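Scroll down for the structure; my scribbles are underneath it.
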Amino acid sequence: MPDVGYVGLGTMGSAISHRLLQADHVLTVWNRTPEKAKPLLEAGASWAESPREAAERSEIVFTMVTNTDAVKAVTEGPDGILAGLGAGKVYVDMSTASPANTRALAEQVRAAGADMLDAPVSGTSVTVEQGKASLMVGGGRDVFERARPVLEAIAPKVFHVGENGAAVTMKIAINLSLAVQMLAFSDGVLLAEKSGIAREDAVEAMLRSVIASPMVAYRGPLVLGHPDEVWFDCHMMQKDLNLALELGQELEVPLPTTALTNELFTAVNAMGSGKKDFAVLFYVLAWMSGVRTEVLA
């Protein structure tokens, strides 16, 4: 049972860390705001004074942070993860960040004598807690096999998809689809509602139809009331859409539905709802359709 470190204790990072503790791993944690670590410390984790210390005390150290800049902040410098790596260690970044930065960081990790995987989660904190999430993993196959038992403690479905950067690219591709699905679902519900069909009936019909998907199943009910539970906020979703658009330009892949959906998230954020779950996109579209809701009042 390798000792494990975890850096970044947001909603998802905390859920993953709890699963590692439940699997009886010795866990060392660090977070920019220490108070978020309290439940994990009470459950048996140890506190590190820096990301470097978390790496030094672990055979496998994970990060789950907001964006590319945040990845750089916890990996670089004298207190960063890179300074705490050495021969035989594995660094696993679970953040959704720039694939190009992931590949460059993997080179830096190898220069430190260690190995790197990118392993973003497909799912929410709820699916992680329930043991129903999956992981896409990029990096060397041998490193993947070495880390696999720890990864499977986090999620029962673990897939190797290619070299470093491949998994985070796949995650971006999936997330743009989530946003576009939410927009299409909202279009359909509002079209039905303004024609005279009760919103509840429209949602139920869609959840029983061929367009039903795990995303629709999770977020469909949120259009029937306040989407107070935040699994994935609008700021984070727009960050991923921008990553997708940048990658699309780099690879010369037109992403028209992604671009349109991204503009609507700009409207969401401008209307002050950026910290809500991205299901709030429905309410912005409803407002634009003349359906006034107290969510955006």
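The values are calculated or read from the model by the stated rules, or taken from the named source; none is laboratory data. The model shown is predicted, which means the values in this text are computed figures rather than measured ones. Note that each Cβ is placed from the backbone with ideal geometry, even for glycine, and that neighbours are counted across all protein chains shown. When the accessible area is computed, the model is the full protein with side chains, heavy atoms only, and any ligands, DNA or RNA have been set aside. Shrake-Rupley method; radii C 1.70, N 1.55, O 1.52, S 1.80 Å.
Couple of notes before you dig in:
- Number of the condition not met by E129 [criteria: (1) in contact with a His (Cβ under 8 Å, 6 or more places away or on another chain); (2) under 17 Å from V65 (Cα atoms)]: (2)
- Meets criteria (closer than 22 Å to T127 by Cα and modelled with pLDDT of 95 or more) for M64: yes
- Selection status of N269, free of Cβ contacts under 8 Å to residues at least 40 places away in the same chain and under 30 Å from G139 (Cβ atoms): no
- Contact map, segment 139-165: residues that are open to solvent by less than 80 Å² (accessible area, probe 1.4 Å) and at pLDDT 95 or above paired with residues that are of a type in the set (S, T, N, Q) and in a loop (DSSP other than H, G, I, E, B), Cβ distance under 9 Å, separation 6+ or inter-chain. Pairs shown: G139/N164; G140/N164; G165/S98.
For every residue, the table says whether it meets (1) assigned to a helix (DSSP H, G or I); (2) hydroxyl-bearing (S, T, Y); (3) within 23 Å of K239 (Cβ to Cβ).
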| site | (1), (2), (3) |
| --- | --- |
| R146 | yes, no, no |
| F159 | no, no, no |
| N164 | no, no, yes |
| D187 | yes, no, no |
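- Checked against (1) closer than 16 Å to M182 by Cβ; (2) in contact with a Pro (Cβ under 9 Å, 6 or more places away or on another chain), G248 passes all but a single condition, namely (1).
- Residues being touching a residue at least 12 places away in the same chain (Cβ under 8 Å) and within 24 Å of the chain's Cα centre (by Cα) - total across segment 107-122: 10
Here's the yes/no breakdown for (1) modelled with pLDDT of 95 or more; (2) among the hydrophobic types (A, V, I, L, M, F, W, C):
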position: D3; (1), (2): yes, no
position: T11; (1), (2): no, no
position: S46; (1), (2): yes, no
position: T68; (1), (2): yes, no
position: P78; (1), (2): yes, no
position: L105; (1), (2): yes, yes
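- The set of residues from segment 275-297 being closer than 24 Å to R199 by Cα and either at pLDDT 95 or above or not in a helix (DSSP H, G or I) (or both) comprises K276, D277, S289, G290, V291, R292, T293, E294, V295, L296, A297.
- Of the helices (runs of 4 or more DSSP H) lying entirely inside segment 202-270, those containing at least 3 residues that are on the phi < 0 side of the Ramachandran plot and open to solvent by 70 Å² or more (accessible area, probe 1.4 Å) are 234-251, 256-270.
- Scanning segment 216-268 for residues that are at pLDDT 90 or above and of a type in the set (F, W, Y) returns a single hit, F265.
- Remark: pairs (first residue in segment 175-193, without any contact (Cβ under 8 Å) to a residue 40 or more places away in the chain; second residue open to solvent by 20 Å² or more (accessible area, probe 1.4 Å) and in a helix (DSSP H, G or I); Cβ separation under 7 Å; 6+ apart in sequence or on different chains) = G188/M206.
- Any hit, segment 171-188, residues being exposed (fewer than 15 other Cβ atoms within 10 Å of the Cβ), within 19 Å of G290 (Cα to Cα) and over 17 Å from the mean Cα position of the chain (by Cα): yes
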